[in-house]
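The values are calculated or read from the model by the stated rules, or taken from the named source; none is laboratory data. What you are looking at is a predicted structure, and each value in this text was computed from that prediction instead of being measured. No Cβ is skipped: glycine too gets one built from the backbone with ideal geometry, and neighbour counts run over all protein chains shown. Each accessible area value is taken on the protein alone, full model and side chains, heavy atoms only, with ligands, DNA and RNA left out. Shrake-Rupley method; radii C 1.70, N 1.55, O 1.52, S 1.80 Å.
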Amino acid sequence: MDYRSTRDASHRVSALEAILRGIAPDGGLYVPASFPKLPPWDTLRGRSYQEVALQILRGYLEEVDPGFLKAAVDKAYGREKFQGEAPVMLKETGDAFFLELFHGPTLAFKDMALCLMPHLLGEAMERTAMKEEVVILTATSGDTGKAALEGFKDVPGVKVFVFYPEDGVSPIQKRQMVTQEGANTFVVALEGNFDDAQRGVKALFQDEALGADLKERGFSLSSANSINIGRLLPQIVYYVYGYLKLLEGGRIREGEEVTYTVPTGNFGNILAAHYAKSMGLPVKALYCASNANHVLTDFLATGVYTRDRPLVRTSSPSMDILVSSNLERYLHAVAGASREEWIRALMEDLNTKGTFQVSKALLQDMRGGFAGEAETAAAIRKVFEREGYAMDPHTAVAYAVNQKLRSPGDAGKHIIVATASPYKFPEKVLTSLGKESPADAFTGIRTLSKLLGEEPPTALERAFHLPVRHRDVIGKEGIKDAVLRILKGGNQHG
Ligand SMILES: *Cc1c(COP(=O)(O)O)cnc(C)c1O
């Protein structure tokens, strides 16, 4: 199995090389050359999450020793990292099933990939006898940053840099990042939004002079963002696992199609669903849920992508994104002949004109919808009052969109992808339930925990007891300088 750039089919690399590089030299994203077939359901029934993961991932990582992969998967999704009966749980509430992906160390779904990826990167470094130290550059809208920092903390031969929008993440997300431990972690606030951070990081990968300079100093760049295929492959697993749980519970027949609703920002999570479908998962439709930044809703409805619009700050900050990187992979997957040339032209249009257009006919398996702040709050309240189930704002956006898009008589099963723990966003959850706004995030966690009658997750509480270690703030064009300064040893951990 090899991987190719979305912008040049002749550029081919192995899976491990793709993970090591993060992004192709031409600026394109690595995609699998083909999709392995889903294993027969009989071989998956009754299996643990780890066993299902192993079966799915083997097809994408043929060059990785199966014994190594098994050990990596077991470590990634073991009890030490994930709390609860299983790393992923499917909960039925009313007319939907919530696929809970937030029981990992940072309480958001980014853990599903970032607990495994460091193992794969380590293997890649070893197999290529890499001499340079790997510098992982990460732009974050809140959750990727913390998950990457936890995943790569103190991994030998790796430094991890995270750039977050100074005013664009929630107080708890920020607290989690600035208290990050580990001698190889660097967290920097950017005076800009997530798109500025992502653009700045992507630009460094295409800066050949910088690459050569870093190589001379003994460093090589990679990425922990979902532009890295190593982020996407582990995400395919839980779509299959969710379906398997419905099968095992006798809620669907084998082959029965299911609809997934995915709260979407950078389009990585929903793309993994599309990949699962390409492997043979019976998917009826994929609902792409956006918040007030509904660039994807508009795109799916019209075929016109327009990034030039104001970015709105919402209570679902991990979806406050106007340039969704992984859309490029989706377009590549649904396009026909000469698609690399076509993608190059579209991305050129996006860069120079801020917009591109495709035929709506290509976008058949997805439907888009969005929910504003009031709708999100109403969804949180309705589901809590009727079912006693607390949704975080990202999950609530997905739920609200699911309610809008599904037809009243639809008897099919619906899986809502639950991407974060409500404890990560207590203020929005509490105020949506008609409670007073908590004095601060810490109080919010406590109040929510009392309301739900359960202990708050320990990982979150810990962030409030640790000292702040990262105070760097830079201008939005300052990423390159910051990287060079820190690598030259100019950064002191406080
Ligand atoms: C990152 C994130 C999303 C968006 O996922 P994409 O893969 O970027 O589309 C949604 N919800 C939460 C909680 C997230 O952290």
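For this structure, a couple of remarks:
- For the chain, with all protein chains in place and a probe radius of 1.4 Å, 48% of the accessible heavy-atom surface sits on carbon or sulfur.
- Charges were assigned to the Cβ only: +1 to each Lys and Arg, -1 to each Asp and Glu. The resulting dipole of region 168-228 about its Cα centre is roughly 220 debye.
- Report summary: the helix-based calculation at 222 nm, which adds -39500 (n - 2.57) for every DSSP H run with n ≥ 4 and divides by the residues of the chain, gives -13000 deg cm²/dmol.
- Out of every Cα-Cα pair that region 1-139 contains, those further apart than 26 angstrom amount to 33 percent.
- If R0 equals 45 Å, the separation of the Cβ atoms of residue 348 and residue 488 corresponds to a calculated FRET efficiency of about 0.85.
- In this structure, the amide hydrogen of residue 222, modeled 1.01 Å from its nitrogen in the peptide plane, lies closer than 5 angstrom to those of 135, 136, 137, counting only residues at least 5 positions away or on a different chain.
- By DSSP, the beta bridges lying fully in the chain are antiparallel in about 25 percent of cases.
- The peptide list 285-293, 175-183, put in order of mean Cβ contacts within 10 Å with the highest first, becomes 285-293, 175-183.
- The relative contact order of region 146-285, computed from alpha carbon pairs under 8 Å that lie at least 6 residues apart in sequence, is 18 percent.
- 4 °C / 1.567 mPa s Stokes-Einstein diffusion coefficient of region 363-455, Kirkwood radius on C-alpha pairs, µm²/s: 92 µm²/s
- Normalising the average separation of contacting C-alpha pairs (under 8 angstrom, six or more residues apart) by the number of residues puts the relative contact order of the chain at 18 percent.
- As a ratio to 2.2 N^0.38 Å, the alpha-carbon radius of gyration for the chain is 0.91.
- Residue-wise HN-Hα coupling along region 450-467, computed from phi with Karplus coefficients 6.51, -1.76, 1.60 (Hz; x: Gly, Pro): 5, 4, 8, x, 8, 6, x, x, 5, 4, 6, 4, 4, 4, 7, 9, 7, x
- Amide H contacts of residue 287: 260, 261, 262, 367, each under 5 Å away and 5 or more positions distant or on a separate chain (H built 1.01 Å from N in the peptide plane; Pro and chain starts excluded).
- Residues in the chain average 38 Å² of solvent-accessible surface per residue, probe 1.4 Å, ligands and nucleic acids excluded.
- Charge dipole magnitude, Cβ of K and R +1, D and E -1 - region 1-114, Cα centre, debye nearest 20: 80 debye
- Integer Hz, Karplus 6.51/-1.76/1.60 couplings in order for region 195-204, x for Gly and Pro: 4, 4, 5, 5, 5, x, 5, 4, 4, 5
- When the Cα positions of 209, 355, 451 are compared along the charge dipole of the chain, 451 comes out farthest toward the positive end, with charges on each C-beta of Lys, Arg, Asp and Glu.
- Centre separation in Å (Cα based) which lies between region 31-89 and region 117-190: 23 Å
- Using θ = phi - 60° and Karplus 6.51 cos²θ - 1.76 cosθ + 1.60, couplings along region 141-149 (whole Hz; Gly, Pro as x): 9, x, 9, 4, x, 5, 5, 5, 4
- Spatial separation of Cα centroids for region 266-330 and region 369-435, in angstrom: 18 Å
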